[in-house]
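Please read the structure below before turning to the comments.
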Amino acid sequence: MAALFPLFADLHDRPVLVVGGGVVAERKVQALREAGARIHIQAPALTPALQALADAGRIGWEPGTFRAGALDGVWLVIAATDDAAVNRAVADAASRRRVLANVVDDAVLSSFHVPAVVQRGELQIAVSSGGGAPMVARHLRRQLETWLDDSWGALTALLARERRRIRARFPEPAARRRFFEQLLAGPLPRLLRQRQPEQAERLLADTLDGPVASSPGSVVLVGAGPGDPGLLTLNGLRALNEADVILHDRLVSDAILQLARRDALRVEVGKSAQGHSVRQESIHALMLEHARAGRRVVRLKGGDPFVFGRGGEELEFLRTHGIPYEVVPGITAAVACAAYAGIPLTHRDHAQSVRLVTAHCKDSLDTLEWAALARGRQTLAFYMGVAGLETVQARLSAEGCPASTPFALIENGSRAEQRVITGRLDGLAETARHHQVRSPALLVLGEVAGLAGTLHWFGAPPLAAPPRPDYLPVPKLPHAA
């Protein structure tokens, strides 16, 4: 089922049709009355409560079965009967007239869904499961009910009363956003929780009458981790929710970008060996432009900014130009991808050290100390495109690294589409071609990579190297008689 578009409908003094007159319809009518809708019911009979409302002229009632013409002029319709044929007729007639329809407990027939709602005065929080699992939405609503006290309604009402004054004082959205963040992080909510509304109003008035503090721009380098949004740090999440501009790498996952402020400007500045790339100088220029305009910029990088992420170069640039900055570390790919593949980077029986290696092109491969990399009892983690695997295999083999050394290629590590491909060094390039490994992929090489098969816990089990004749066991000769 397609994702739903969340919205709040203004139904005040607008006609709404409810088909059905039972207990379920009664609950829907109550909610519609609270929204100020003009309600008309079509049903053979009504519950006593609905009958009383009809007798008092507070709702309209047309006795009998559903009549499609009753949809003319209404804004939406709710089908709340226990007759599947009637409910489908309502949905079909509404679809032909482009009227939004909700069929109770039937997500397929519904063109809108009624969420579970937490309400504190004018503040409403709606929770929806898309109609597929309403009990999950209700469970979450109960949790929210315990967390949100009545002061949230008073806070919403106070800020709504002062909305025009606030907008006049802070006409720029960025400045207004910072004002609200400082206000809500201060004593105002506490005063309302303590039932001191006069003090809260006085505090807000004094804040609006006081001098406007200047808001210099800044840059936060944030490590997004390898892809799983659960690996984003709390400081990283905070920075994303405060950002005016997000300059993000190509490999930052959509799931992480969805955690950011919805109205933040997003600019992809990723680099790719095969496709379009943004020059580092252009990234510097974008950071400088937005920061000097007073905006809060998040430079969002996959993994960690200081592990093959050019974070050091960017801080040097910002410092040279006097731009305030901070760094939020991220879980680097070697740590995260190895963990999600069940591979300990160190193990007292197999590896006492780890080397993080970048090898994105021929020039970088030529500068590596291959003799040191070929030594035993260590783990190598190559951050690289898959194009250099043949060179890695050849150079390590030439320096005496055993052909049987285990490897693991981790493609899309920590993401739902993660693949782990295992094998031996002498089959590295061939195995990658056989399984059509694509970037982003991390190569882990060393004895610990052999543990991927037994310690696997996330996603699909590891894929093995293709069979080769020299891997087959030598058959035993029969004993002489």
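The values are calculated or read from the model by the stated rules, or taken from the named source; none is laboratory data. Since this is a predicted model, take the numbers as computed values, not measurements. No Cβ is skipped: glycine too gets one built from the backbone with ideal geometry, and neighbour counts run over all protein chains shown.
Points worth noting:
- If the condition is being surrounded by 23 or more Cβ atoms within 10 Å (Cβ to Cβ), in contact with a Phe, Trp or Tyr (Cβ under 9 Å, 6 or more places away or on another chain) and small (Gly, Ala, Ser), then the range 386-416 contributes Gly413, Ser414.
- Condition check for Leu109 on (1) among the aliphatic types (A, V, I, L, M); (2) over 25 Å from the mean Cα position of the chain (by Cα); (3) crowded, with 16+ Cβ neighbours inside 10 Å; (4) not assigned by TED's automatic domain parsing to the domain that holds Ala35: one failure, at (4).
- Ala465 meets all of the listed conditions (1) without any contact (Cβ under 8 Å) to a residue 60 or more places away in the chain; (2) surrounded by 18 or more Cβ atoms within 10 Å (Cβ to Cβ); (3) hydrophobic (A, V, I, L, M, F, W, C); (4) in a helix (DSSP H, G or I) but one, namely (4).
- If the condition is being under 44 Å from the mean Cα position of the chain (by Cα), outside any loop (DSSP other than H, G, I, E, B), more than 14 Å from Val74 (Cα to Cα) and not hydrophobic (A, V, I, L, M, F, W, C), then the range 5-59 contributes Glu26, Arg27, Lys28, Gln30, Arg33, Glu34.
- Conditions (1) at pLDDT 90 or above; (2) under 29 Å from Val90 (Cβ atoms); (3) not aromatic (Phe, Trp, Tyr); number of the one not met by Ile166: (2)
- Residues that are part of a loop (DSSP other than H, G, I, E, B) and farther than 11 Å from Ile410 by Cα within the range 431-452 comprise His435, Gln436, Gly446, listed in sequence order.
- Leu428 surrounded by 14 or more Cβ atoms within 10 Å (Cβ to Cβ) and either within 32 Å of the chain's Cα centre (by Cα) or assigned to a strand (DSSP E or B) (or both): no
- A search for C-beta distances below 6 Å between a residue of the range 288-312 that is touching a residue at least 24 places away in the same chain (Cβ under 8 Å) and any residue that is basic (Lys, Arg) and surrounded by 24 or more Cβ atoms within 10 Å (Cβ to Cβ), counting only pairs 6+ apart in sequence or on different chains, returns Gly309/Lys301.
- Count of the range 386-416 residues which are in a loop (DSSP other than H, G, I, E, B) and in contact with a Cys (Cβ under 8 Å, 6 or more places away or on another chain): 2
Every residue, every condition in (1) part of a loop (DSSP other than H, G, I, E, B); (2) over 30 Å from Ala338 (Cα atoms); (3) of a type in the set (Ser, Thr, Tyr); (4) out of contact with any helix residue (DSSP H, G or I) (no Cβ under 6 Å at 6 or more places or on another chain), yes or no:
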| position | (1), (2), (3), (4) |
| --- | --- |
| Thr156 | no, yes, yes, yes |
| Leu159 | no, yes, no, yes |
| Arg202 | no, yes, no, yes |
| Leu221 | no, no, no, no |
| Gly230 | no, no, no, yes |
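- Selection status of Gly309, under 34 Å from the mean Cα position of the chain (by Cα), at pLDDT below 95 and not assigned by TED's automatic domain parsing to the domain that holds Val448: yes
- Among residues that are without any contact (Cβ under 8 Å) to a residue 12 or more places away in the chain, within 26 Å of Asp254 (Cα to Cα) and not assigned by TED's automatic domain parsing to the domain that holds Ile256, Gln418 is not included.
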